[in-house]
1. Find the all-direction average of the projected area of the Cα convex hull for the range 293-403, expressing the result in square nanometres with one decimal place.
2. Label Thr125 and Arg371 with points 7 Å out from Cα along Cα→Cβ: what is the distance between them in nm?
3. Work out, step by step, the length gained on full extension between Ala359 and Arg266: first 0.36 nm times the residue separation, then minus their alpha carbon distance; give nm to one decimal.
4. Search the structure for amide H atoms under 5 Å from the amide H of Asn108, placed 1.01 Å from N in the peptide plane, and list their residues when 5 or more places away or on another chain.
5. Residues with beta-carbon under 12 Å from that of Arg123, excluding Arg123: net charge, scoring Lys, Arg +1 and Asp, Glu -1?
6. Fully extended, how many nm does the chain gain between Arg287 and Ser306 (0.36 nm per residue separation, minus their Cα-Cα distance)?
7. Mind checking the full-extension length gain between Glu87 and His152? Use 0.36 nm per residue of separation minus the Cα-Cα distance, one decimal, nm.
8. Picking from Leu100, Asn270, Pro296, whose Cα lies most toward the positive end of the charge dipole for the chain (charges on Cβ: Lys, Arg +1; Asp, Glu -1)?
Amino acid sequence: MTTRIAATAHLEEALERDRADPLSACREQFHIPLTATGKPQSYFCGHSLGLQPRSTATLIDEELQAWKTQGVAGHFTGPRPWLSYHELMTPTLADLCGALPIEVVAMNSLSVNLQLLLISFYRPTPQRHRILIEASAFASDRYAVSAQLKLHGYDPAQALVELSPRPGEDLLRTEDLLSVIEREGHSIATILLPGVQYLTGQLFDMQRITRIAQQHDCTIGFDLAHAIGNVPLQLHDWNVDFAVWCSYKYLNSGPGAIGGAFVHERHAQNQQLPRLAGWWGHDKKTRFSMPHDYSPLPGAEGWQLSNPSVFACAPLLSSLDIFRKAGLQALRSKSVQLTTYMYSLLQEYSPQISIITPADPQQRGCQLSLRLPMTHTESKLIHEQLINQGMICDWREPDIIRVAPTPLYNTFEDVWKLVQALQGLLK
Ligand SMILES: *Cc1c(COP(=O)(O)O)cnc(C)c1O
């Protein structure tokens, strides 16, 4: 009875917070999928695939129309000529990254961009050829650095340094990470870390790590798949060498949407950096006169190879417009409130669940990673039942349920519902 009264009071509070939310109108700019009974899902999978903005179909359709009616002329005519279409994304991407426009570009997909930038920033010597990553790195990142090691003739079994949390812990402690760099830095060529860890939701202290890495002359790059559009970034001021991201997670740009890359301004004019080349990275002034010698564009654009798919860019453009209008600071502020609310309700209603994501909002984005106090089979069953109840979250082996309330389209009521559903299922 008492928990019932408390739950009702909490629902009132959640609804009140939704009414007071200055960003509540953002939700209306998205298609929210419906449950089997026709109610909006409580969608907590923005960490995996963000929802579709309502404006996306219009922007794609405009380019289909341009192609239909203009043919090849669409490269140069219309409100958004295809030749420079990707540049429309640059200002907002720069804002989201804390970067100068010359430092960012929308291109390819994350793993491709990672390989392109490792070719330039992993420059091993016999004395210094190791790469540092975290032991629970996303598989694609491990494949990418291992492939780079092999390309240079090194054996990943020796040359890949993988950092694990302390025994019995889930999170990497910054001090442990820094002390490995202090101790081993002289033999490490490149460090690759996540901005936000995909499994635990931990937000890395990119500024401090970068400073220590550079004191030891290591190049450093970040995989921002779970960070961009989720947490504020200051890549330029932090002096990060390079970064890559995809835009179908918190950037809501649809499956396989165009990814992006950051290269710090201090590398912008460095034509000596080895790199792969293609005509889209070549100087725009002479691109179409097809000179024999390659002259890369200054900045991140100089790592482009091909002309990008306009149909993969249009969804990102529509989504970035929503970010631009809402403002990342305001979004982050709501995000901290939403996730803190979820954290405290979970502790109150289901204290037996362990939340492996850091409790400190400054050390996480919006995602919470939950471990249930039961067997693998039972936990997976709970996850399935959550889905059946319209609470969309995901399961990650071996035993993690990832839940991400995003400030653009989630509500405090969504959070309340999820916590109630979980509590009911755990009984
Ligand atoms: C989602 C994700 C990727 C995806 O890579 P693609 O090249 O876009 O398929 C890569 N790394 C991390 C950490 C991710 O979370």
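1. Details: hull surface 45.4 nm².
So the Cα hull casts an average projection of 11.4 nm².
2. My value for the distance between the label points is 4.2 nm.
3. Gain on extension, Ala359 to Arg266, equals 29.9 nm.
4. Gly259
5. Details: positive: Arg128, Arg275; negative: Asp217, Asp241.
Around Arg123, the surrounding residues sum to 0.
6. 5.6 nm
7. Taking 0.36 nm per residue and subtracting the Cα distance, the gain is 20.0 nm.
8. The one lying farthest along the dipole's positive direction is Pro296.
The values are calculated or read from the model by the stated rules, or taken from the named source; none is laboratory data. Small disclaimer: the values here were computed from a predicted structure and weren't measured. Cβ atoms come from the backbone with ideal geometry, glycine included; neighbour counts cover every protein chain shown. Heads up: the accessible areas ignore ligands, DNA and RNA and are worked out on the full protein's heavy atoms, side chains in. Shrake-Rupley method; radii C 1.70, N 1.55, O 1.52, S 1.80 Å.
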